[in-house]
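K.L.:
Below are the structure tokens for one structure; questions will follow.
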Amino acid sequence: MSTNDLKTAGLSRRGLLKSATALGAAGLILPASVRRAMAQPKRGGTIRIAFASGNTTDSLDPATWDSQFVQSFNTARNNTLTEIAPDGSLVGEIAESWEASADAKTWTFKIREGVTFHSGKSVTPDDVVASINYHRGEESKSAAKPYVDPIDDIKADGQNVVVTLSGGNADFPFIMADYHLVVLPSADGKIDPLTTDGCGGYVLDSFEPGVSVKMSRNPNYWKSDRAWFDNVELLSIVDAAARQNALITGEVDVIDSVDLNTVALLQRAPGINVLPIAGNQHYVFVMDTRAAPYSDNNVRQALKYGIDRQELVDKILQGYGEVGNDIPIGRQQPYYNTELEQKTYDPDKAKFHLKEAGMDSLNVQLSVADSAFAGAVDAGVLFSERAAAAGINIEVVREPSDGYWDNVWMKKPFCASYWGGRPTQDLMFSVAYQGGAPWNESFWDNARFGELLVAARSELDDDKRRAMYWEMQDLCANEGGTVIPMFASYVMAHTDAVGIPEVVGANQGMDGLRAIERWWFA
Amino acid sequence: MSVVWTMIAKRLGLGLLTLFVISIIIFGATELLPGDLATSILGQSATPETVAAIRKELGLDLPAHTRYLNWLVAALQGDFGTSLANKRPIADLIGTRLGNTLFLALYAAAIAVPLSLMLGILAALYRNTVFDRAANALALTSISFPEFFVAYILIFVLAQSGLFPSIARMDASTSFGEALYRTFLPALTLTLVVTAHMMRMTRAAIINLLASPYIEMARLKGMNPMRVILKHALPNALAPIITVVALNLAYLITGVVVVEVVFVYPGLGQLMVDSVAKRDIPVVQAVALIFAAAYVLLNLTADVLSTLSNPRLIHRK
């Protein structure tokens with residue numbers, strides 16, 4: 001065994017332990033004897049966080065929040081109707097409670113009283129309605145438009161907000177936790193999208209796009225057990241080495257998106273902790289199921305058997321992730337199909353499916369760029385090398401990163417893509433797998449899948465719902481046009497001085513974008 | 001002296017024409033890039049309706065020449081408009097960043113220009129000695145490495161030991177001394193990158209003159225070699241040296257985006273790159289014009305100084 005092999009083995013073993021810990025933290029409650037004594041959260045200090053994202057073109061407009069930098073700082077500045085708790089359940093934020101009609105079509109949210117904006121104005125149901133309406137309608141420029149499109153009507157009713165949907169949706173309150181849908185102050189039924197006001201735990205002091213954000217604690221914040229830091233400084237450090245150096249030299253306390261190629265070096269640095277969280281983020285290779293040869297399900301199956309998933313997790317994610325099973329649902333999600341057979345690298349089965357499709361060999365082009373996901377080009381090359389054993393010749397086409405989502409994604413028949421994952425199964429399937437959905441990247445249109453999706457959405461019986469979701473996952477894995485080889489953990493790092501809750505949110509990076517208000521200085 | 005004034009007036013006029021042509025080229029080039037602001041801001045989340053709504057609001061659905069003329073008319077009145085992406089006035093976006101860029105450029109130049117002139121003169125004086133070879137080898141080595149590599153080496157040696165900060169963070173409250181300290185590593189990186197060019201030009205220009213008869217004469221008089229170079233050779237070698245210094249100063253203003261990224265320094269380069277990536281054309285135009293103006297003005301300054309250093313050009317018959 002060469003040194004190189006040893007290193008890789010060590011890494012993936014460590015990675016396995018790490019993700020096991022993260023899983024435990026996300027799902028299980030450890031017995032008190034095992035639980036590490038955690039310092040109680042306390043107030044004070046200035047937290048400095050460096051993000052890999054952030055752009056000079058960033059805006060305060062909630063329609064445009066496209067990177068973890070703007071999303072995190074605006075989640076600290078604002079509240080949403082609901083919040084996804086670290087364990088994945090849903091809790092109220094601006095909404096104190098909510099209830100659905102029997103068909104899950106009408107939802108009534110009771111708005112919390114006594115919450116104020118930083119300007120001193122009270123948060124009213126009218127503000128909530130105006131904030132949601134900003135993302136709806138013909139004129140909407142919002143990336144969240146497809147989420148709020150099913151809303152037929154939204155109106156204030158006393159201290160309540162009543163939402164009527166075009167069809168039943170048992171998961172609707174989860175949608176209201178989306179980071180775009182923050183509550184902003186309104187006047188005459190309109191919000192000012194560029195306002196600096198907010199109702200969250202931190203008041204915006206300065207915002208220099210692409211450089212930094214400074215915030216101070218909101219003294220009137222309604223949550224007593226949140227927002228521990230007195231001041232917050234967020235920096236945009238796009239260069240991976242500069243970000244890691246900033247952490248090592250003590251210029252910042254926390255960094256997001258650790259570069260996986262050098263994570264071993266970061267772990268050797270004293271006083272630094274690497275924090276991997278297994279979540280729903282997954283990397284995919286997607287086929288256009290309308291176009292030959294991908295219109296033949298046997299070809300799709302052949303490609304799914306021709307990829308070595310474990311190798312990708314080991315080499316592209318350095319062990320910080322899990323193998324995927326061609327379903328966009330994370331293992332920790334409640335309706336994950338545990339009985340679905342895990343696909344593994346099997347050139348014989350791939351050959352069998354090719355033969356079924358009437359082919360001896362297959363020549364395809366795979367379009368990749370690192371803007372699809374970090375390491376997409378290398379992953380494409382590994383895919384190509386392994387698939388060759390099954391008679392599948394994949395020509396990896398390196399596309400420009402600039403403009404990838406506009407010119408390659410959903411245009412080229414076979415390309416790389418990624419999904420940050422969605423908090424509910426319904427949302428993930430509706431956004432990217434339902435026939436005709438705007439982001440259905442494989443253009444897959446399965447009648448049975450569509451029926452089940454609509455039925456499960458309004459089904460309030462848990463067992464029936466589970467059965468439907470399991471069948472949908474089966475369809476997705478065995479007929480769908482998306483190869484999902486790996487789920488990538490969110491890998492962050494922080495210094496010893498930073499206190500982290502026992503359970504860290506896995507729905508998005510940075511503790512579900514809420515590290516700023518959930519973490520503290522130990 | 002009237003020769004100089006005529007030249008300045010002519011060159012400024014030509015400079016304005018250059019800026020105009022550059023604005024057309026930049027606009028056209030940005031138009032040629034695939035996609036526009038709407039698609040690049042929405043990225044993976046784009047739907048045809050939202051893209052159309054953004055285009056309509058920002059007037060991106062108008063034909064290209066209409067948009068260019070609208071921009072030109074406003075720019076001629078001194079209004080560079082607002083960023084399409086975040087609606088901030090471009091003057092605000094550029095203001096502090098231009099200050100930062102000029103500060104770093106001047107800081108690096110204040111180290112690099114005296115250093116390279118001195119090394120160049122000494123290398124000419126002691127040419128073909130160990131000193132000359134060593135200075136040349138070092139300068140060529142540092143210019144041959146990519147900038148980011150030089151930067152990483154400096155961070156590894158000087159920042160990880162705690163001597164200097166690895167990121168050059170500055171805000172309005174940073175004092176001048178503190179700013180010098182915080183930006184020392186980026187300034188040093190740039191110094192290492194530009195020194196070789198200026199030093200070797202100084203050396204070559206002086207050595208070129210040392211074969212002239214009037215230098216022979218000075219030597220035969222028994223003059224001290226240092227005095228020969230400073231008093232007799234250097235004034236006649238100034239023109240090429242000034243040109244090279246001006247070119248390098250222009251580079252320090254316009255070409256340092258890699259150093260800005262590595263040291264997280266908020267300068268114009270980063271703004272330009274981000275704005276091109278997001279197709280935020282008004283910002284791209286404004287920054288490109290600043291860069292072009294820097295080249296035009298520095299070249300003009302170099303020509304004026306070269307003319308002044310040469311009596312034959314001033315007192316033309």
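The values are calculated or read from the model by the stated rules, or taken from the named source; none is laboratory data. Computed from a predicted structure; not experimentally measured. A quick note on method: Cβ atoms are made from the backbone with ideal geometry, for glycine too, and the neighbour counts reach across all protein chains shown.
K.L.:
Would you check if there is a residue in the stretch B:290-297 being closer than 30 Å to B:Leu42 by Cβ, touching a Ser or Thr at 6+ places or on another chain (Cβ under 8 Å) and either within 14 Å of chain A (Cβ to nearest Cβ) or free of Cβ contacts under 8 Å to residues at least 24 places away in the same chain (or both)? Please lay out each step first, then the result.
P.N.:
Initially, the stretch B:290-297 is screened for residues closer than 30 Å to B:Leu42 by Cβ, giving B:290-291.
Narrowing the set further to residues that are touching a Ser or Thr at 6+ places or on another chain (Cβ under 8 Å) leaves B:291.
Remaining after also requiring either within 14 Å of chain A (Cβ to nearest Cβ) or free of Cβ contacts under 8 Å to residues at least 24 places away in the same chain (or both): none.
So far as the stretch B:290-297 goes, no, none of its residues is closer than 30 Å to B:Leu42 by Cβ, touching a Ser or Thr at 6+ places or on another chain (Cβ under 8 Å) and either within 14 Å of chain A (Cβ to nearest Cβ) or free of Cβ contacts under 8 Å to residues at least 24 places away in the same chain (or both).
K.L.:
While we're on this one: Mind checking whether some residue in the stretch A:249-269 is in contact with a His (Cβ under 8 Å, 6 or more places away or on another chain) and among the aliphatic types (A, V, I, L, M)? Break it down stepwise before answering.
P.N.:
The first filter runs over the stretch A:249-269 and keeps only residues in contact with a His (Cβ under 8 Å, 6 or more places away or on another chain), leaving A:253-255.
Now drop any that are not among the aliphatic types (A, V, I, L, M), which leaves A:254-255.
Yes, the conditions are met somewhere in the stretch A:249-269.
K.L.:
Looking at the stretch A:123-132, can you tell me whether even one residue there is in a loop (DSSP other than H, G, I, E, B) and over 21 Å from A:Val162 (Cβ atoms)? Break it down into steps so the answer makes sense when it comes.
P.N.:
So in the stretch A:123-132, the residues in a loop (DSSP other than H, G, I, E, B) come out as A:123-124.
Okay, now just the ones that are also over 21 Å from A:Val162 (Cβ atoms), so none.
So far as the stretch A:123-132 goes, no, none of its residues is in a loop (DSSP other than H, G, I, E, B) and over 21 Å from A:Val162 (Cβ atoms).
K.L.:
Out of the residues in the stretch A:133-181 that are acidic (Asp, Glu) and out of contact with any Lys or Arg (no Cβ under 8 Å at 6 or more places or on another chain), which is farthest from A:Ser430 (Cα to Cα)? Can you show your working first?
P.N.:
Initial filter on the stretch A:133-181 (acidic (Asp, Glu)): A:138-139, A:149, A:152-153, A:157, A:171, A:178.
Those left that are additionally out of contact with any Lys or Arg (no Cβ under 8 Å at 6 or more places or on another chain): A:138-139, A:152-153, A:157, A:178.
Values: A:Glu138: 21, A:Glu139: 23, A:Asp152: 17, A:Asp153: 20, A:Asp157: 30, A:Asp178: 15 Å.
In this case the residue turns out to be A:Asp157.
K.L.:
Same structure, new question: Filter the stretch A:414-428 down to residues that are outside any loop (DSSP other than H, G, I, E, B) and in contact with a Leu (Cβ under 9 Å, 6 or more places away or on another chain) and give me whichever is farthest from A:Val284 (Cα to Cα).
P.N.:
Initial filter on the stretch A:414-428 (outside any loop (DSSP other than H, G, I, E, B)): A:414-419, A:425-428.
The next check asks that each one be in contact with a Leu (Cβ under 9 Å, 6 or more places away or on another chain); those that pass are A:414-416, A:426.
Working: A:Phe414: 10, A:Cys415: 8, A:Ala416: 6, A:Asp426: 19 Å.
Step by step, filter the stretch A:414-428, then rank; the result is A:Asp426.
K.L.:
Considering each residue of the stretch B:160-182, count those that are away from chain A (no Cβ under 14 Å) and touching a Pro at 6+ places or on another chain (Cβ under 9 Å), and give that number.
P.N.:
Matching residues across the stretch B:160-182 total 0.
K.L.:
Sticking with this one: Tell me which residues, restricted to the stretch A:319-332, are buried (at least 22 other Cβ atoms within 10 Å of the Cβ) and in a loop (DSSP other than H, G, I, E, B).
P.N.:
A:Gly319, A:Tyr320, A:Gly324, A:Asn325, A:Asp326, A:Ile327, A:Pro328, A:Ile329, A:Gly330
K.L.:
Continuing with this model, one more query. Of everything in the stretch A:386-432, what is closer than 18 Å to A:Val323 by Cα, away from every other protein chain (no Cβ under 14 Å) and either without any contact (Cβ under 8 Å) to a residue 60 or more places away in the chain or surrounded by fewer than 24 Cβ atoms within 10 Å (Cβ to Cβ) (or both)? Give them in sequence order.
P.N.:
Matches in the stretch A:386-432: A:Arg386 only.
K.L.:
Also: Select, from B:Val244, B:Val259, B:Val264, the only residue that is buried (at least 23 other Cβ atoms within 10 Å of the Cβ), in the same structural domain as B:Thr174 (by TED's automatic domain parsing) and either at pLDDT 90 or above or in contact with a Phe, Trp or Tyr (Cβ under 8 Å, 6 or more places away or on another chain) (or both).
P.N.:
Working: B:Val244 fails: buried (at least 23 other Cβ atoms within 10 Å of the Cβ); B:Val264 fails: either at pLDDT 90 or above or in contact with a Phe, Trp or Tyr (Cβ under 8 Å, 6 or more places away or on another chain) (or both).
Of the residues listed, the single one that is buried (at least 23 other Cβ atoms within 10 Å of the Cβ), in the same structural domain as B:Thr174 (by TED's automatic domain parsing) and either at pLDDT 90 or above or in contact with a Phe, Trp or Tyr (Cβ under 8 Å, 6 or more places away or on another chain) (or both) is B:Val259.
K.L.:
Continuing with the same structure: In the stretch A:287-345, what residues are closer than 25 Å to A:Glu356 by Cβ, in contact with a strand residue (DSSP E or B) (Cβ under 7 Å, 6 or more places away or on another chain) and among the hydrophobic types (A, V, I, L, M, F, W, C)?
P.N.:
A:Met287, A:Val299, A:Ala302, A:Leu303, A:Ile307, A:Val323, A:Ile327 - these are the residues of the stretch A:287-345 that are closer than 25 Å to A:Glu356 by Cβ, in contact with a strand residue (DSSP E or B) (Cβ under 7 Å, 6 or more places away or on another chain) and among the hydrophobic types (A, V, I, L, M, F, W, C).
K.L.:
Would you confirm, using the coordinates I've provided, whether B:Ile167 is touching a helix residue (DSSP H, G or I) at 6+ places or on another chain (Cβ under 8 Å) and within 15 Å of A:Ala242 (Cβ to Cβ)?
P.N.:
Yes; evaluated as a whole, the condition is true for this residue.
K.L.:
Could I ask something else about it? If I ask for residues that are more than 12 Å from chain B (Cβ to nearest Cβ), over 22 Å from A:Pro219 (Cα atoms) and touching a helix residue (DSSP H, G or I) at 6+ places or on another chain (Cβ under 8 Å), which ones from the stretch A:56-77 would you list?
P.N.:
Residues satisfying the conditions are A:Pro62, A:Gln68.
K.L.:
Restricting the search to the stretch B:52-78, which residues are part of a loop (DSSP other than H, G, I, E, B) and under 15 Å from B:Ile281 (Cβ atoms)? Can you show your working first?
P.N.:
Within the stretch B:52-78, the subset part of a loop (DSSP other than H, G, I, E, B) is B:59-63, B:77-78.
Passing the criteria: B:Gly59, B:Leu60, B:Asp61, B:Leu62, B:Pro63.
K.L.:
Among (1) outside any helix (DSSP H, G or I); (2) in contact with a helix residue (DSSP H, G or I) (Cβ under 6 Å, 6 or more places away or on another chain); (3) more than 14 Å from every other protein chain (Cβ to nearest Cβ), there is one condition A:Gly44 misses while meeting the rest; what is its number?
P.N.:
Looking at each condition in turn, A:Gly44 falls short on (2).
K.L.:
Output the qualifying pairs, or none if there are none: Cβ atoms under 7 angstrom, residues six or more apart or on different chains, first residue in the stretch A:234-246 and within 7 Å of another protein chain (Cβ to nearest Cβ), second residue assigned to a loop (DSSP other than H, G, I, E, B) and surrounded by fewer than 24 Cβ atoms within 10 Å (Cβ to Cβ).
P.N.:
Filtered contacts from the stretch A:234-246: A:Val238/A:Ala52.
K.L.:
So how many residues does the stretch A:311-335 have that are of a type in the set (D, E, K, R) and more than 22 Å from A:Gly480 (Cα to Cα)? Show your work before the answer.
P.N.:
Pass one, the stretch A:311-335, residues of a type in the set (D, E, K, R): A:311, A:314-315, A:322, A:326, A:331.
If we keep only those that are more than 22 Å from A:Gly480 (Cα to Cα) too, we end up with A:311, A:314-315.
So the answer is 3.
K.L.:
Determine, yes or no, whether A:Tyr202 is more than 14 Å from chain B (Cβ to nearest Cβ), of a type in the set (Ser, Thr, Tyr), crowded, with 21+ Cβ neighbours inside 10 Å and more than 30 Å from A:Arg457 (Cβ to Cβ). Step through it out loud before you land on a result.
P.N.:
On the way: more than 14 Å from chain B (Cβ to nearest Cβ): yes; of a type in the set (Ser, Thr, Tyr): yes; crowded, with 21+ Cβ neighbours inside 10 Å: yes; more than 30 Å from A:Arg457 (Cβ to Cβ): yes.
Yes, satisfied.
K.L.:
Further, regarding this structure: What is the residue count in the stretch B:262-287 for residues that are closer than 16 Å to A:Pro209 by Cα, of a type in the set (A, V, I, L, M, F, W, C), in a helix (DSSP H, G or I) and more than 16 Å from the chain's Cα centre (by Cα)?
P.N.:
4
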